[in-house]
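K.L.:
One structure coming up, written as structure tokens, with questions to follow.
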């Protein structure tokens with residue numbers, strides 16, 4: 001294996017270990033509404049705020065709390081089921097389910113674009129927020145395009161209305 005292959009393998013292994021060690025806890029605490037620093041304080045081992053934010057981002061995309069495209073009333077959610085045959089061989093089977101999304105309300109937010117532009121009015125608003133909400137906006141990897149975010153307690157705290 002070349003040096004680049006080793007680096008890619010080590011990165012993949014590190015991501016797998018981090019996800020196994022912290023991913024489930026981060027997803028669970030994020031669903032309960034914890035902020036990034038609050039989640040870090042709950043973990044028994046150090047995980048960077050950036051990694052926690054990335055776990056949250058991926059989880060919220062997978063669960064439909066955040067959508068990069070206009071949300072639909074129903075969508076297909078894919079997951080993998082681990083199976084073991086009679087000889088002990090482990091395999092993974094892709095399973096899809098239809099998710100009813102019709103009872104969720106969404107708001108459009110453009111945090112990525114506002115952060116990129118360094119708009120003074122936006123930055124001033126950001127400074128006025130609670131630390132956990134400020135971290136949420138600063139550390140999640142918001143794209144430059146508009147994002148659909150479920151209208152939840154956090155979005156209402158940020159001033160979004162139904």
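K.L.:
Helices (runs of 4 or more DSSP H) wholly in the range 1-63 with at least 2 residues that are modelled with pLDDT of 80 or more and touching a helix residue (DSSP H, G or I) at 6+ places or on another chain (Cβ under 9 Å) - which ones?
P.N.:
24-31, 36-42, 49-63
K.L.:
Just to be sure I understand the filter: pairs with C-beta atoms under 6 Å, separated by 6 or more residues or on different chains, first member in the range 73-87 and touching a residue at least 24 places away in the same chain (Cβ under 8 Å), second member in a strand (DSSP E or B) and surrounded by fewer than 10 Cβ atoms within 10 Å (Cβ to Cβ). Which pairs pass?
P.N.:
From residues that are touching a residue at least 24 places away in the same chain (Cβ under 8 Å), the pairs are 74/98; 74/100.
K.L.:
Every residue in the range 61-86 that is more than 18 Å from residue 97 (Cβ to Cβ) and surrounded by 13 or more Cβ atoms within 10 Å (Cβ to Cβ), please.
P.N.:
Once the filter is applied, which keeps residues that are more than 18 Å from residue 97 (Cβ to Cβ) and surrounded by 13 or more Cβ atoms within 10 Å (Cβ to Cβ), the range 61-86 yields only 66.
K.L.:
Could you figure out which of (1) surrounded by fewer than 16 Cβ atoms within 10 Å (Cβ to Cβ); (2) within 16 Å of the chain's Cα centre (by Cα); (3) under 22 Å from residue 35 (Cβ atoms) isn't true of residue 157?
P.N.:
It fails just one condition, (2).
K.L.:
What number of residues within the range 152-162 are farther than 16 Å from residue 30 by Cβ and touching a residue at least 60 places away in the same chain (Cβ under 8 Å)?
P.N.:
Qualifying residue count, the range 152-162: 0.
K.L.:
Determine if the range 124-134 includes at least one residue that is in contact with a strand residue (DSSP E or B) (Cβ under 8 Å, 6 or more places away or on another chain), within 21 Å of residue 38 (Cβ to Cβ), modelled with pLDDT of 90 or more and surrounded by 10 or more Cβ atoms within 10 Å (Cβ to Cβ).
P.N.:
So far as the range 124-134 goes, no, none of its residues is in contact with a strand residue (DSSP E or B) (Cβ under 8 Å, 6 or more places away or on another chain), within 21 Å of residue 38 (Cβ to Cβ), modelled with pLDDT of 90 or more and surrounded by 10 or more Cβ atoms within 10 Å (Cβ to Cβ).
The values are calculated or read from the model by the stated rules, or taken from the named source; none is laboratory data. Quick caveat: nothing in here was measured; it's all calculated off a predicted structure. In this analysis, Cβ positions are derived from the backbone assuming ideal geometry, glycine residues included, and neighbour counts consider all displayed protein chains.
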